[in-house]
Amino acid sequence: MSSAPRRAAKSAAPARIWRAAALGASLTALMTSAALAQSAPVAATAETQQAAADPATPASTELATGSVDAAAPTENDNASETEGAAAAPATPAPVDSVHATDPLQAAVGALLATDGAGVSLKLPRADRQALVAFYAARNGSPAWIADGRFTPAAEAAIARIAQADADGLEAKRFNLPAQPSSTEPAVLARAEVALTAAALSYARQAWGGRVNPAVISRSIEVGTSPFDAGAALVSITASQDVAATLDGFNPPHPEFQGLRKLLAGERARLDEQRRHPLVGMGKTLRPGAEDDRVPSLRARLDLPEKAGDLVYDDALVAAVQAFQKTNKLGADGVVGAQTVRALNAEARVDRTALILVNMERWRWMPRDLGAKHVFVDLADFHLHIVEDGRETYETRVIIGKASNQTPMLSSAINLVVVNPYWNVPVSIAMNEMAGGSLRGYEVVDSRGRVVPTGAVDWQAVRAGKMRIRQEPGERNALGHIKFMFPNNHSVYLHDTPSRKLFGNDFRALSHGCVRVDRPLEFADALTGAQGLDGARLQKMIGGKERGLPLSQTIPVHLAYFTAVPGPDGALETRRDLYEQDDRIRAALAGEQIPALPPAQTIARAPRPAKPASRPAPEQAQVVEQRAPQQQGFGSWLSRVFGDSRARP
């Protein structure tokens, strides 16, 4: 095909898309759309985990800004092809927009069928398709314009999106249109489509966030439901309170709402402090003395200004003492170098980035955590059971080391296992056990048959055709009980033979699973109402492995937050154990972030040892005497988990 026909085919494609979308819906679907308009806001997509290994993958949803005039996005869109296929809203069968009699309807149809507008909207592909289908189904009928200007609903939508900074988003990215400057159909059509694109962009980001979690860590699984752009458009444009509908796309959790308040407070505090000069260094300032720094000191501590007064008076001394006491400096009222540094350091602290990072994490959580659910607060090393918004149980946990991170995920506990086998993960078997002693372990072939440990084929173990497991008992790494839930990381909650580690303040010590302190108490609170209480489970300990399915699954959330609103509403911070905060902060700022390090590799199988000649009796005796001194995986397990014989 010559270049001219190719150009002609390319320019005709948008019009064909418009007509196809216009002819593709039914009246039954219209009724469905009306019902959707009254429902809660819909969900946002999770980015593909494949992107984690690709340094070129965008870290943020930069494309979802709603610009009408932006250049066409690349193929590396924020929404997946699968999502795009399902994104078109359910709408009625309209007349083709080419035959629309209203000039504005015709202008909308023409705009969306023109390369540079409908095709080049700065939106993910799925959102562009949904927007085109939305207007095609309406035959180009505007949602926001009447009598040549924006409707009150349009003005309310613009006002709400303009407040996006308060939600932890960036209002400037949504390219909000101004009131149309003319009643020309083409001008009105551009303003109409621009507002719809901005509303859709806001809804997507408010729901699923701005950052692609796959470029932050391989251990993050998004729990948010997939975003349905078509249903979102119907919900927004049919709403009787469009501002409330837009707001509803943000996480409803009290913790998110608390962070939103803290963000506003932090920004107000910083604005106020920018108006206060820093306190200069100088000689030690004592009560009653005069000093040129007194006015800045008064301003820094929010005391009324006294024009021309340089005396370090009693009121200012009291304010300094209160500051010193809060900052554990020794409340003597003497302003020395240490107090000055503390005054100026507090003025420079900006916690907005930390708050924004954790608001973003809440967008990755399921909107409904469950009436009764388990919330594992990884960075705080604690587990909570919550029922109807109230905590009913809490205990300590041990989580994965930085090198073996416990994943952030949501699932549902569906099985309790008493006297569990520990099926050793292939990575641990190959990286830490291969070639060592397997005393205390069994080797199981692909048919589930136990074979002698001496017959272990490490190549088969590496390929998953043979596995190593530890029998139930006092020394089992999982203790006496584990709580299972489906996930892609093979992690679960479990007991442990070593209790002493729960006394540590820092408890990132495991290979990735979550060890639970007082597991039978936990079972009482978790499954006691289902007949699987701690007393019943205690009676089963010591026998064969038993799996006990739950009659009703219980949601479980492994969550990682480094800043949370405390009981008094003040900001509480935690150590960023897994070093994710800086990556999220950079992604939110649109900065390039380094590619993730390579995934953990599994060691190759050791070479089989050459057959040794039979030793002389004296040699055999020496070997037999020295055998207990060999350091194998069993001794490593005792060092890591503790010796159960020494258990308190």
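Give the residue that is modelled with the highest pLDDT, with candidates limited to residues of the range 110-152 that are acidic (D, E) and surrounded by fewer than 20 Cβ atoms within 10 Å (Cβ to Cβ).
Here the answer is D147.
On the phi < 0 side of the Ramachandran plot, open to solvent by 10 Å² or more (accessible area, probe 1.4 Å) and not in a loop (DSSP other than H, G, I, E, B): is that true of R204 in this structure?
For R204, the condition - on the phi < 0 side of the Ramachandran plot, open to solvent by 10 Å² or more (accessible area, probe 1.4 Å) and not in a loop (DSSP other than H, G, I, E, B) - is not met.
What single numbered condition from (1) at pLDDT 85 or above; (2) on the phi > 0 side of the Ramachandran plot fails to hold for D302?
So D302 meets the others, but not (1).
Counting only residues that are touching a strand residue (DSSP E or B) at 6+ places or on another chain (Cβ under 9 Å) and not β-branched (V, I, T), which one in the range 334-346 is farthest from D271 (Cα to Cα)?
G336
Show the residue pairs meeting these rules: Cβ distance below 9 Å; 6+ apart or different chains; first residue within the range 569-595 and farther than 20 Å from L169 by Cβ; second residue open to solvent by 50 Å² or more (accessible area, probe 1.4 Å) and in a helix (DSSP H, G or I).
Pairs that qualify, where the first residue is farther than 20 Å from L169 by Cβ and the partner is open to solvent by 50 Å² or more (accessible area, probe 1.4 Å) and in a helix (DSSP H, G or I), are G569/K261; E572/D380; R574/D380; D576/D582; A595/A53.
Which ones in the range 375-408 are closer than 21 Å to L577 by Cα and of a type in the set (A, V, I, L, M)?
Selection gives V376, L378, A379, L383, V397, I398, I399, A402, M408.
Among the listed residues K465, K482, identify the single one that is charged (D, E, K, R), in contact (Cβ under 8 Å) with a residue 24 or more places away in the chain and either open to solvent by less than 60 Å² (accessible area, probe 1.4 Å) or outside any strand (DSSP E or B) (or both).
Working: K465 fails: in contact (Cβ under 8 Å) with a residue 24 or more places away in the chain.
Sole residue among the options that is charged (D, E, K, R), in contact (Cβ under 8 Å) with a residue 24 or more places away in the chain and either open to solvent by less than 60 Å² (accessible area, probe 1.4 Å) or outside any strand (DSSP E or B) (or both): K482.
Just a yes or no: is a residue in the range 153-176 surrounded by 22 or more Cβ atoms within 10 Å (Cβ to Cβ) and assigned to a strand (DSSP E or B)?
No, every residue in the range 153-176 fails to be surrounded by 22 or more Cβ atoms within 10 Å (Cβ to Cβ) and assigned to a strand (DSSP E or B).
Going by the conditions given, is I399 more than 27 Å from R269 (Cα to Cα), among the aliphatic types (A, V, I, L, M) and out of contact with any Cys (no Cβ under 7 Å at 6 or more places or on another chain)?
On the way: more than 27 Å from R269 (Cα to Cα): yes; among the aliphatic types (A, V, I, L, M): yes; out of contact with any Cys (no Cβ under 7 Å at 6 or more places or on another chain): yes.
Yes, satisfied.
Residue check: is A322 open to solvent by 50 Å² or more (accessible area, probe 1.4 Å) and touching a Pro at 6+ places or on another chain (Cβ under 9 Å)?
Numbers: open to solvent by 50 Å² or more (accessible area, probe 1.4 Å): yes; touching a Pro at 6+ places or on another chain (Cβ under 9 Å): no.
Criteria not met by A322.
Within the range 513-524, which residues are surrounded by fewer than 20 Cβ atoms within 10 Å (Cβ to Cβ) and not charged (D, E, K, R)?
Across the range 513-524, the qualifying residue is only L520.
Return the total of residues in the range 565-584 being surrounded by 13 or more Cβ atoms within 10 Å (Cβ to Cβ) and more than 23 Å from G512 (Cβ to Cβ).
4
Just to be sure, is R351 open to solvent by 70 Å² or more (accessible area, probe 1.4 Å) and touching a residue at least 40 places away in the same chain (Cβ under 8 Å)?
In short, yes.
Assuming D291 fulfils every condition listed in (1) among the charged types (D, E, K, R); (2) surrounded by 13 or more Cβ atoms within 10 Å (Cβ to Cβ); (3) closer than 26 Å to G168 by Cβ apart from one, which condition is it?
(3)
Cβ contacts < 7 Å: first residue over 19 Å from D332 (Cα atoms) and of a type in the set (D, E, K, R), restricted to the range 269-293; second residue loosely packed, with under 15 Cβ neighbours inside 10 Å and modelled with pLDDT of 90 or more, any location; separation 6+ or different chain. Result?
D292/L310
Would you pick out the residues in the range 474-490 that are farther than 21 Å from R536 by Cα and of a type in the set (G, A, S)?
A477, S490
Please verify whether the range 247-254 includes one or more residues that are assigned to a helix (DSSP H, G or I), open to solvent by less than 40 Å² (accessible area, probe 1.4 Å) and either of a type in the set (A, V, I, L, M) or farther than 18 Å from P124 by Cβ (or both).
No, every residue in the range 247-254 fails to be assigned to a helix (DSSP H, G or I), open to solvent by less than 40 Å² (accessible area, probe 1.4 Å) and either of a type in the set (A, V, I, L, M) or farther than 18 Å from P124 by Cβ (or both).
For every residue, the table says whether it meets (1) in contact with a helix residue (DSSP H, G or I) (Cβ under 8 Å, 6 or more places away or on another chain); (2) at pLDDT 90 or above; (3) under 16 Å from L571 (Cβ atoms).
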{"site": "P252", "(1), (2), (3)": "no, yes, no"}
{"site": "L263", "(1), (2), (3)": "yes, yes, yes"}
{"site": "R274", "(1), (2), (3)": "no, no, no"}
{"site": "G288", "(1), (2), (3)": "no, yes, no"}
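Kindly indicate which of S235, S239, S225, S217 is among the hydroxyl-bearing types (S, T, Y), over 30 Å from Q405 (Cα atoms) and not in a helix (DSSP H, G or I). Explain how you work it out, then say what you get.
On the way: S235 fails: not in a helix (DSSP H, G or I); S225 fails: over 30 Å from Q405 (Cα atoms); S217 fails: over 30 Å from Q405 (Cα atoms).
Step by step, each of S235, S239, S225, S217 is checked, and only S239 is among the hydroxyl-bearing types (S, T, Y), over 30 Å from Q405 (Cα atoms) and not in a helix (DSSP H, G or I).
If we keep just the residues of the range 390-434 that are without any contact (Cβ under 8 Å) to a residue 60 or more places away in the chain and in contact with a strand residue (DSSP E or B) (Cβ under 6 Å, 6 or more places away or on another chain), which is most open to solvent (accessible area, probe 1.4 Å)?
Per the stated criteria, the residue is E391.
The values are calculated or read from the model by the stated rules, or taken from the named source; none is laboratory data. Since the model is a prediction, treat every value here as computed from it, not as a measurement. When we count neighbours, we look across all protein chains shown, and the Cβ atoms used for this are built from the backbone with ideal geometry, even at glycine. All accessible areas refer to the heavy atoms of the entire protein, side chains included, with ligands and DNA or RNA removed. Shrake-Rupley method; radii C 1.70, N 1.55, O 1.52, S 1.80 Å.
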